[in-house]
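Enquirer: Input: one structure, supplied below.
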Amino acid sequence: MGSWWSSTPPPPPLLSEPWRKINWGDKQSAMQRVKDYNPQTEGLQLRILLHGPVGAGKSSFINSVQSVLQDRMCSPALVANDSHYSFTKKYTTYKFEKEGQDTFYPFVLNDMMGLKDSSSRSKRVHVKDVKRALKGHVQDGYTFNPESKLSKDDQHYNPSPSANDRVHVLVSVIDANTASRMDDKVLNAIIDIREEASDLEVPQVALLTKIDKLCPEINKDVRNIYKSKKMKETMEKFSKESGIPMNCVFAVQNYCEEIDLNSDADVLILSSLMSIVNAGNDFLNKINASNVY
Ligand SMILES: Nc1nc2c(ncn2[C@@H]2O[C@H](COP(=O)(O)OP(=O)(O)O)[C@@H](O)[C@H]2O)c(=O)[nH]1
Ligand SMILES: [Mg+2]
């Protein structure tokens with residue numbers, strides 16, 4: 001029997017072996033894989049749609065991708081420092097230029113405030129608009145209106161979307177710090193949007209952000225991400241509640257002013273990006289082959 005002063009030491013926060021392997025220290029290969037990515041047919045473009053609550057880190061992820069690909073801090077997507085207000089109003093396609101070449105990577109990112117956060121003043125995008133975006137009917141410049149859906153007469157309504165206009169992978173972007181205790185409204189919205197996507201056979205994945213705030217060991221060293229017990233628990237709980245399988249849940253620490261990024265964080269961004277691209281690639285090729293948009 002232990003004396004009153006002895007208490008069991010807390011369990012170690014890290015597992016001895018990571019449960020997901022990342023090739024840390026080899027940013028070059030991670031970068032090369034992204035550079036080498038090409039859809040089956042030339043001219044095809046893989047469209048990734050990010051959706052998630054205001055402040056989840058969607059714009060920051062777009063900036064992070066741009067920064068890693070350009071190897072310098074970039075901010076093509078405006079990042080809000082007041083997370084209650086969404087800057088993301090107009091539907092915008094973000095393209096990434098291949099360095100030193102006059103071409104773009106064959107993938108693009110869009111983001112939309114698909115979810116309402118209970119603490120936020122902003123409203124959720126009309127679920128019919130999400131479906132229209134998935135099908136490629138929404139053109140750049142459209143401002144989502146929670147009160148009314150996109151009208152077929154609107155100048156931003158695309159009546160005949162091509163394979164490239166459609167969304168090929170839907171990414172739910174969630175702050176890792178709220179992922180294991182999500183607001184019912186947010187969770188229900190994720191599930192609603194996933195249903196729409198499933199109807200259209202659009203693959204779905206999730207991206208957890210702000211992992212630096214989730215666990216001090218990750219904050220100290222990003223390489224600890226897949227050893228962190230807290231991270232594993234968070235992902236498992238999120239996966240169970242959202243219905244997105246564990247092997248479709250990825251994570252990043254975004255480029256933000258307050259954080260010193262390093263090549264490990266870059267490797268994680270590139271690896272998660274590549275997993276997202278891979279998740280959408282088969283669907284892109286399939287709808288192109290079937291010619292049914
Ligand atoms: N610490 C940390 N902060 C982040 C991360 N990603 C985003 N943020 C911050 O979260 C806030 C909201 O991010 P933003 O990209 O505008 O979210 P959005 O509304 O989903 O586009 C900003 O202050 C970001 O700097 C991250 O990985 N770590
Ligand atoms: Mg934003």
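Enquirer: Determine, at each q value in 0.16 (inverse angstroms), the log₁₀ of I(q)/I(0) that the Debye formula gives when each Cα of the stretch 44-288 is one equal point scatterer.
Expert: -1.20
Enquirer: Tally the DSSP beta bridges in the chain and give the antiparallel ones as a percent, rounded to 5.
Expert: Restricted to the chain, the bridges split so that about 25 percent are antiparallel.
Enquirer: What ranking do 47-58, 155-166 get when scored by the average of other Cβ atoms within 10 Å per residue, highest first?
Expert: 47-58, 155-166
Enquirer: If packing is taken as the mean number of other Cβ atoms within 10 Å per residue, what is the order of 100-113, 226-239, 271-284, highest first?
Expert: 271-284, 226-239, 100-113
Enquirer: Something else about it: Could you calculate the contour length gain from residue 126 to residue 291, that is, 0.36 nm times the residue separation minus the distance between their Cα atoms, to one decimal place in nm?
Expert: Extending this stretch completely gives an extra 56.6 nm.
Enquirer: Let's test the formula: R0 of 22 Å, r as the Cβ-Cβ distance of residue 221 and residue 177. What FRET efficiency results, to the nearest 0.05?
Expert: 0.75
Enquirer: Compute the accessible area per residue over the chain, keeping the other protein chains in place, probe 1.4 Å, unit Å².
Expert: On the way: 14450 Å² over 293 residues.
Counting only protein heavy atoms, the per-residue value for the chain is 49 Å².
Enquirer: Taking 7 Å along the Cα-to-C-beta vector as the label spot, tell me the residue 262-residue 191 distance in nanometres, rounded to one decimal.
Expert: Taking the two extended label points, one gets 4.1 nm.
Enquirer: For the chain, with all protein chains present and a 1.4 Å probe, just round the carbon and sulfur fraction of the accessible area to a whole percent.
Expert: The nonpolar share, carbon plus sulfur, comes to 47 percent.
The values are calculated or read from the model by the stated rules, or taken from the named source; none is laboratory data. Quick caveat, the model's predicted, so the values are computed rather than measured. Methodologically, a virtual Cβ is constructed for each residue, glycine included, from the backbone with ideal geometry; neighbour enumeration extends over all protein chains shown. Quick note on the areas: whole protein, heavy atoms, side chains included, nothing else; ligands and nucleic acids left out. Shrake-Rupley method; radii C 1.70, N 1.55, O 1.52, S 1.80 Å.
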